[in-house]
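Asks: Got a structure for you, questions after.
Please treat every number below as a calculation from the coordinates, not as lab data. This one's a predicted model, so the numbers in the text were calculated from it and none came from an experiment. When we count neighbours, we look across all protein chains shown, and the Cβ atoms used for this are built from the backbone with ideal geometry, even at glycine.
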Amino acid sequence: MNIPSAIFVCSAPDLSACPDESLPEFAFIGRSNVGKSSLLNTLAGVERLARVSPTPGFTKLINFFSMGKTWRLVDLPGYGYAEGSRKHVSQFNHAAAQYIKRRPNLCCTFLLIDSGLEPQPIDLEFVQWLASNALPFVIVFTKTDRGTAESVAANIAAFKKEIAGWFEQLPEIYQCSSATGHGRTELLGVISKIVDAGPAVEAPAPASVPLPPEIEPPFRIQVRAGKTEEKIERTKKQLKGARPW
Ligand SMILES: Nc1nc2c(ncn2[C@@H]2O[C@H](COP(=O)(O)OP(=O)(O)OP(=O)(O)O)[C@@H](O)[C@H]2O)c(=O)[nH]1
Ligand SMILES: [Mg+2]
């Protein structure tokens, strides 16, 4: 797949600030540090298009990148890591979850999983959340350059075993390495299949249609200034294990 131009469009703190819904979008989600921004750069073929960092929790906004002005890659803040102002972290995670759930022109979410790890509960929960909301996604095991072929295969097999019971047919599974470019052609193939087939999404609902009420998930709990130490400790305990979805 030829990408004639790859340019940064904008960063959005929440769904309402996202750009127009005219182009098909493909988003990257996964634990902080799993390699979302790196994979975006690898697919776009442009180094440092999205900012990469060894510090977990680096990407904090929904970042849009236009590919040849015909489709977009979307870099999302990761889950599973909170530092500094928990208020901000939880809001951004909430924004990512809302983006995935409600963006009408989101064609496919790439759920990135670290191929160097055994199945992690937070990743399994995220798969469950995507599946229970009937959201289209593929699974991409990242950083395959770091482990042996055997260890990568073992971790993927263990992950498949964990999720097998939740699906009639397993989601598509890919492997990649942003260090070597492994998997780039296959992942661009996923995108081109959808883009070439034309818009796969319904026309966006008018903005005046009210969204259904949300169940209050625990990650919305916010630590506010002025609380006593005891209250903050209690809130922190509630937040422990909180999920962004
Ligand atoms: N060896 C290796 N390192 C990688 C690979 N992909 C990413 N990394 C490294 O992993 C670290 C995190 O990469 P990012 O792309 O910033 O990860 P992210 O998922 O966007 O992280 P957040 O924005 O914090 O959620 C960086 O130090 C990257 O250089 C890969 O395929 N192989
Ligand atoms: Mg990032």
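Asks: By the scheme Lys and Arg +1, Asp and Glu -1, what is the net charge of all other residues having a beta-carbon under 9 Å from that of Asp75? Don't jump to the answer; show the numbers that get you there.
Replies: On the way: positive: Lys36, Arg51; negative: none.
Here the count lands on +2.
Asks: Find how much the distance from Lys101 to Glu125 grows on full extension, using 0.36 nm per residue of separation minus their present alpha carbon separation; answer in nm with one decimal.
Replies: On the way: separation 24, 0.36 × 24 = 8.64 nm, distance 1.53 nm.
My answer for the length gained is 7.1 nm.
Asks: Right, here's the next one. Can you bin the range 1-77 into rounded, prolate or oblate? Criterion: square roots of the alpha carbon gyration tensor eigenvalues sorted a ≥ b ≥ c, rounded for a/c under 1.5, prolate for a/b above b/c, oblate for the rest. Before the final figure, lay out each step's value.
Replies: Numbers: a/c = 2.06, a/b = 1.18, b/c = 1.74.
Because a/c hits 1.5 or more and a/b fails to exceed b/c, the range 1-77 counts as oblate.
Asks: Roughly what would the spin-label model give for Tyr81 and Trp166, points 7 Å off Cα along C-beta, in nm?
Replies: In this crude label model, Tyr81 to Trp166 measures out at 2.2 nm.
Asks: Now a separate question. State the extension gain, in nm to one decimal, for the chain segment bounded by Arg48 and Ser22, taking 0.36 nm per residue of separation less the distance between their alpha-carbons.
Replies: Details: separation 26, 0.36 × 26 = 9.36 nm, distance 2.56 nm.
Full extension from Arg48 to Ser22 adds 6.8 nm.
Asks: List Leu135, Leu23, Leu73 from most exposed to least, where exposure is judged by having the fewest other Cβ atoms within 10 Å. Intermediate values should be presented prior to the final figure.
Replies: Numbers: Leu135 14, Leu23 18, Leu73 25.
Taking fewest neighbouring Cβ atoms as first place, the list is Leu135, Leu23, Leu73.
Asks: May I ask which of Lys101/Lys161; Lys161/Lys193; Lys36/Lys101; Lys69/Lys101; Lys60/Lys193 have a Cα-Cα span longer than 22 Å here? Please report the intermediate quantities before stating the final value.
Replies: Working: Lys101/Lys161 26 Å; Lys161/Lys193 28 Å; Lys36/Lys101 18 Å; Lys69/Lys101 24 Å; Lys60/Lys193 30 Å.
Those over the limit are Lys101/Lys161; Lys161/Lys193; Lys69/Lys101; Lys60/Lys193.
Asks: Please go through the range 1-62 and write out the trypsin sites (Lys or Arg not before Pro) that DSSP classes as loop and that have at most 14 other C-beta atoms within 10 Å.
Replies: On the way: sites: Arg31, Lys36, Arg48, Arg51, Lys60; in loops: Arg48, Arg51, Lys60.
Passing both the DSSP loop test and the Cβ count: Arg48, Arg51.
Asks: Across every pair of different alpha-carbon atoms, what Kirkwood hydrodynamic radius in Å does the range 6-200 reach? Present the calculation step by step, with values, prior to reporting the outcome.
Replies: Numbers: mean 1/r = 0.0595 Å⁻¹.
When all Cα pairs of the range 6-200 are included, the Kirkwood radius is 16.8 Å.
Asks: Here's something else I'd like to know. Treat each spin label as a single point 7 Å out from the Cα along the C-beta direction, and report the Ile7 to Ala158 distance in nm.
Replies: 4.6
Asks: Of Trp129, Trp71, how do they rank once you tally other Cβ atoms within 10 Å and put the fewest first? Display every interim value, and only then the final one.
Replies: Numbers: Trp129 16, Trp71 19.
Placing the least packed residue first, the sequence is Trp129, Trp71.
Asks: State, as an integer percentage, the relative contact order of the range 6-200 based on alpha-carbon contacts under 8 Å between residues 6 or more apart. Don't skip to the end; give the middle numbers.
Replies: Details: 344 pairs, mean separation 44.1, N = 195.
Here the relative contact order equals 23 percent.
Asks: Rounded, prolate or oblate: which one fits the range 142-186, using the alpha carbon gyration tensor with axes a ≥ b ≥ c (rounded when a/c is under 1.5, else prolate when a/b beats b/c, else oblate)?
Replies: Details: a/c = 3.84, a/b = 1.63, b/c = 2.36.
It comes out oblate by the Cα gyration axes.
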